[in-house]
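> The structure under discussion is supplied below as structure tokens; questions concerning it will follow.
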Amino acid sequence: MKRVFSLILLSLFILLSVSTGFAANADVSGRPLILTIKVEGMITPGTAAIIERGVQEASVRNASALILILDTPGGIVDATLKILSVLSSSDVPIITYVTPQGAIAASAGAFILLSGHIAAMSPGTTTGAAMPVTISPAGEGSQAADEKTINFLAGHIRSIAGSNGRPGDVAERFVTENLTLSSADALDLGVVDYIEPDLEALLQTIDGTNIQINNTIVTLEVQNAEIESIESNISEKITHIISNPQITFILLLVGVF
């Protein structure tokens with residue numbers, strides 16, 4: 001019994017020492033934390049799931065910001081609306097950034113870009129072309145959605161832009177006219193706030209910037225931050241694959257055969 005009791009005390013001592021060491025390391029570091037998520041390829045419910053998890057994790061860990069790195073041609077409307085809802089309720093600064101050079105934030109990606117408290121693009125990137133389309137499972141291609149859907153999404157993107165101090169009339173044209181903007185044009189029209197070549201340069205530029213979150217002014221502290229990337233878990237990867245309309249159509253054909 002004495003030996004067992006001694007082992008328990010020794011175990012508790014080791015656990016306390018390890019915990020104290022972790023706390024000391026965190027205190028000594030004192031660096032702000034930034035979490036990043038890459039939004040690449042088609043936007044699906046799997047994309048919405050990882051972004052929702054990322055917002056929650058950023059809040060729990062008291063991160064200085066969550067950065068969505070965008071390079072997407074768009075995606076599913078329902079998943080996009082879910083993402084917009086999650087971002088609008090975030091109590092952590094959201095930075096949306098189209099990068100690297102050659103990347104795009106088209107269609108649903110344009111909606112997400114406009115949802116950031118700070119929106120930025122790299123030189124040589126593009127955004128816009130957000131008119132919704134319907135895809136025929138019979139392989140007849142895509143066509144513009146009905147007028148009701150277009151009007152709703154045009155009003156919604158205008159509202160999103162306006163809530164973040166961006167020109168609603170320009171954002172609305174993304175949907176109604178398939179307006180497409182280069183990074184330089186987007187900056188000139190006030191659609192984005194910055195053009196920076198890479199993430200390090202962007203963080204240096206925005207450090208100390210004041211933004212408004214839920215009627216509260218927050219000062220960004222992102223200089224010399226510790227940057228962690230959030231990766232999709234197994235569930236999110238599976239959801240992303242099976243909810244991709246192209247994959248779904250293939251699976252449907254396999255089922256029919």
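> Go through the stretch 29-56 residue by residue and tally those that are surrounded by fewer than 16 Cβ atoms within 10 Å (Cβ to Cβ) and within 25 Å of Glu200 (Cβ to Cβ).
Taking the stretch 29-56 and keeping what is surrounded by fewer than 16 Cβ atoms within 10 Å (Cβ to Cβ), we get 29-31, 40-41, 56.
After this cut, where a residue has to be within 25 Å of Glu200 (Cβ to Cβ) as well, the list is 29-31, 40-41.
Of the residues in that region, 5 qualify.
> Go through the stretch 93-110 residue by residue and tally those that are touching a helix residue (DSSP H, G or I) at 6+ places or on another chain (Cβ under 8 Å) and open to solvent by 10 Å² or more (accessible area, probe 1.4 Å). Step through it out loud before you land on a result.
Filtering the stretch 93-110 for residues touching a helix residue (DSSP H, G or I) at 6+ places or on another chain (Cβ under 8 Å) gives 94-99, 105, 108, 110.
Checking the rest, the ones that are also open to solvent by 10 Å² or more (accessible area, probe 1.4 Å) come to 99.
Count: 1.
> Would the stretch 215-230 turn up any residue that is open to solvent by 60 Å² or more (accessible area, probe 1.4 Å), of a type outside the set (Ser, Thr, Tyr), part of a loop (DSSP other than H, G, I, E, B) and under 13 Å from Ile118 (Cα atoms)?
Within the stretch 215-230, not a single residue is open to solvent by 60 Å² or more (accessible area, probe 1.4 Å), of a type outside the set (Ser, Thr, Tyr), part of a loop (DSSP other than H, G, I, E, B) and under 13 Å from Ile118 (Cα atoms).
> If you scan the stretch 71-86, which residues turn out to be under 26 Å from Thr216 (Cβ atoms) and either buried (at least 24 other Cβ atoms within 10 Å of the Cβ) or touching a helix residue (DSSP H, G or I) at 6+ places or on another chain (Cβ under 7 Å) (or both)? Reasoning before the result, please.
Start the filter on the stretch 71-86 by keeping residues that are under 26 Å from Thr216 (Cβ atoms), which leaves 81-86.
Within the stretch 71-86, Lys82, Ile83, Leu84, Val86 qualify.
> So in the stretch 205-214, with the set limited to residues that are free of Cβ contacts under 8 Å to residues at least 60 places away in the same chain and over 21 Å from Ile37 (Cα atoms), which one is most open to solvent (accessible area, probe 1.4 Å)? Give the derivation first.
From the stretch 205-214, those free of Cβ contacts under 8 Å to residues at least 60 places away in the same chain are 205, 207-208, 210; that's our starting set.
Filter once more, so that each one left must be over 21 Å from Ile37 (Cα atoms): 208, 210.
Working: Gly208: 44, Asn210: 97 Å².
That would be Asn210.
> Now for a separate question. With respect to the numbered conditions (1) under 17 Å from Leu68 (Cα atoms); (2) among the hydroxyl-bearing types (Ser, Thr, Tyr); (3) open to solvent by 30 Å² or more (accessible area, probe 1.4 Å), which one is the sole condition not fulfilled by Ser115?
(3)
> Next question. Regarding Pro93, is this residue touching a strand residue (DSSP E or B) at 6+ places or on another chain (Cβ under 6 Å) and more than 17 Å from Thr47 (Cβ to Cβ)?
Working: touching a strand residue (DSSP E or B) at 6+ places or on another chain (Cβ under 6 Å): yes; more than 17 Å from Thr47 (Cβ to Cβ): yes.
Criteria met by Pro93.
> Listed residues Ala105, Ala79; which is closer than 20 Å to Leu181 by Cα and modelled with pLDDT of 95 or more?
Working: Ala79 fails: closer than 20 Å to Leu181 by Cα.
That would be Ala105, the only listed residue that is closer than 20 Å to Leu181 by Cα and modelled with pLDDT of 95 or more.
The values are calculated or read from the model by the stated rules, or taken from the named source; none is laboratory data. Please read all numbers here as calculations on a predicted model, not as lab measurements. Methodologically, a virtual Cβ is constructed for each residue, glycine included, from the backbone with ideal geometry; neighbour enumeration extends over all protein chains shown. In case anyone asks, the SASA skips ligands and DNA or RNA and just uses the protein heavy atoms, side chains included. Shrake-Rupley method; radii C 1.70, N 1.55, O 1.52, S 1.80 Å.
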